[in-house]
Amino acid sequence: MSDLKGTQLGAPAPESSNGNLRHPPARREPRNQNPVRRFCRAVSTFRTGSPMLQDRYVEVKRLPDHAGEEVTVAGWVETTRVHGKVAFVVVRDGTGLVQCVLLGKDLDEATWETGTTGLTQESTVEITGTVKLDDRAPGGAEVKVSALRLLQQAEAYPIQPKEHGVEFLMDNRHLWLRSSQQRAALRVRSEVMQAIHDFFYDRGFTRVDTPILTGAIGESAGTLFSTDYFGDTAYLAQTGQLYVEAGCPAFRKVYCFGPTFRAEKSKTRRHLTEFWMVEPEVAFADSDDNMRLQEEFVSYLVERALDRCAEELEVLERDTSTLERVRPPFPRMSYTEAVELLQAKGSDIEWGRDLGGADETILADENELPVFIYNYPSQAKAFYMKENPDDPRTVLCNDLLAPEGYGEIIGGSQREDDLARLEARIREEELPAEAYDWYLDLRRYGSFIHSGFGLGVERTVGWITGRPHVRELIPFPRLMNRLTP
Ligand code: 4AD
Ligand code: MG
């Protein structure tokens, strides 16, 4: 061992004459023997030497950047038309549509034959050709075809460019997704989902993920899905709220965002059994603060969709003039005022009952903007809402009704922070007290004023896109009578 001393790893650095540490002279290795360099070179050769499959294709939306160049695109055939010795094939690649032009005189016979007789609707193709800018073409560019490969010839496609019944389209939902209006609506959904995260992220909220399998009941016992849980019963979450409330003392401003489940026997255009809900919760915020956050939030979502989904809204033929006027403040009406107004308009609603869909439509029609209805009777609302100190028959809560008949898109409230009152409400509603014991801890250990709300994604996107039924605003809807595809 002694001969290693002072020459190898672990040897003390030699000292200079003035006592400062000196670095040992760097030992230069011949370039190609340094293992780190050799590794880096191997990786870069690997990366440049074998391009990824997807690099082979230009995305259709990028075609205008390649004017005059020869490119290859891959996608699915939407339509084909043949006029003598010219054929037009419209290809969709998921980023856009492009018209590909085949000229008989420039192509070999086999390519012309495939291009004019083999391209059934939704066949997969790879097309090479020269990009030509053309304002009249969808997407602003055309491809003059020099080569074509049929990657898979599709069987007779069930969805034709004609009217189909809704049940048929829903049975073929996995294929219907490819249609232009469905694509546009789901693109808006995707933008709104991203905008939801951005809104809360930009305002310093922490995302707290809440469980889907729960022991506690969330909103109302009547609409719970249950499942066997190792011999016990688990319930699918109707809301993440009770859990997200627990996040407040840890992070102050929090939100959860995920699928929620309601076994509602409703076959209306507003009801799904599985829908997505975002639920923010804010410490030291009261019911008024809560409504202000809601109007700011909803206005932001609408603005994002208008800003970034103009093309999609056009495909959906959405009249955006009313959406453009959506900005705070939104009109507010108390539940009591709403009941008086409804009665004056001939509704048989009585004070104490929750508003029905028809009532909501009447109230929303009074306004161009979404409208807040606040302070409902406690008997019509969930146990966790804060008793109104000015009128204990009511609770500090609100619904937000979207215009144009889209109904309630938000339900929110200040939460009951008094332990004794909350216990009394749980008893009144005959809820299983054991399941809520952990929730009551939040009132035992540092109770505080707090408020939050839940916004339903599909109803909100339904309103923004102007689609008639929530089933089109989620890729694979779950409805009372539908569990497939
Ligand atoms: O009013 P809800 O039931 O409120 C809650 O669940 C609260 N825990 C939220 C909270 O304060 N954190 O539901 C909130 C929203 C509704 O306004 C509606 O947009 C949507 O969720 N929603 C549904 N969407 C589609 N189908 C259904 N069956 C829905 N039920 C509620
Ligand atoms: Mg509600």
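With a Förster radius of 45 Å, plug the Cβ-Cβ distance of residue 268 and residue 62 into 1/(1 + (r/R0)^6) and report the FRET value to the nearest 0.05. Display every interim value, and only then the final one.
Values: r = 42 Å, r/R0 = 0.94.
Plugging the Cβ-Cβ distance into 1/(1 + (r/R0)^6) gives 0.60.
Show me, bin by bin at 5 Å from 0, the whole-percent P(r) of the stretch 55-152 based on Cα pairs.
With a bin width of 5 Å, the distribution comes to 3, 15, 29, 28, 18, 7, 0.
Considering all projection directions equally, how large on average is the shadow of the alpha-carbon convex hull of the stretch 302-456, in square nanometres?
Values: hull surface 46.3 nm².
Its average projected convex-hull area is 11.6 nm².
For the chain, give the magnitude of the charge dipole about the Cα centre (Cβ charges: +1 Lys/Arg, -1 Asp/Glu; no others), in debye to the nearest 20.
Values: 58 positive and 76 negative charges, 518 e Å.
For this selection, approximately 2480 debye.
Report the gain in length on full extension from residue 447 to residue 228: 0.36 nm times residue separation, minus Cα-Cα distance, nm rounded to one decimal.
Details: separation 219, 0.36 × 219 = 78.84 nm, distance 3.42 nm.
Full extension of this stretch gives 75.4 nm more.
Set Lys and Arg Cβ to +1 and Asp and Glu Cβ to -1, take the dipole of the chain about its Cα centre, and tell me which of 181, 283, 335 lies farthest positive.
181
Once both labels are modelled 7 Å past Cα along the beta-carbon direction, what's the residue 156-residue 286 spacing in nm?
Here the modelled spin labels are 6.9 nm apart.
Let me have the 222 nm mean residue ellipticity of the chain computed from DSSP H runs of 4+ only, each contributing -39500 (n - 2.57), with the sum over all residues rounded to the nearest 500.
Details: 14 runs with 142 residues, N = 485.
The per-residue figure over the chain is -8500 deg cm²/dmol.
Can you tell me the alpha carbon radius of gyration of the chain divided by the globular rule-of-thumb value 2.2 N^0.38 Å? All intermediate terms of the calculation are to be shown ahead of the outcome.
Details: Rg = 30.9 Å, N = 485, 2.2 N^0.38 = 23.1 Å.
Working it through for the chain, the quotient is 1.34.
Considering the alpha-carbon set of the stretch 134-225 alone, what are its Rg and its Dmax in angstrom?
Cα only, the stretch 134-225: 21.9, 64 Å (Rg, Dmax).
Let me understand the stretch 187-276 better: what is its radius of gyration from the alpha carbons, and its Dmax, in angstrom?
14.9, 44
Once you keep just the Cα pairs under 8 angstrom separated by 6 or more residues, what percentage relative contact order results for the stretch 174-473?
On the way: 552 pairs, mean separation 62.0, N = 300.
It comes to 21 percent, rounded to a whole number.
With point charges of +1 on the Cβ of Lys and Arg and -1 on the Cβ of Asp and Glu, referenced to the Cα centre of the chain, which listed residue (469, 107, 119) lies farthest in the positive direction of the dipole?
107
State the answer as a single residue: which of 97, 87, 68 lies farthest towards the positive end of the charge dipole of the stretch 55-152, with beta carbon charges of +1 for Lys and Arg and -1 for Asp and Glu, about the Cα centre.
Of the options given, the answer is 87.
Quick note: the coordinates plus some simple rules give every number you see, no bench work behind them. Quick caveat: nothing in here was measured; it's all calculated off a predicted structure. So basically every Cβ, Gly included, is an ideal-geometry build from the backbone, and we count neighbours across all protein chains shown.
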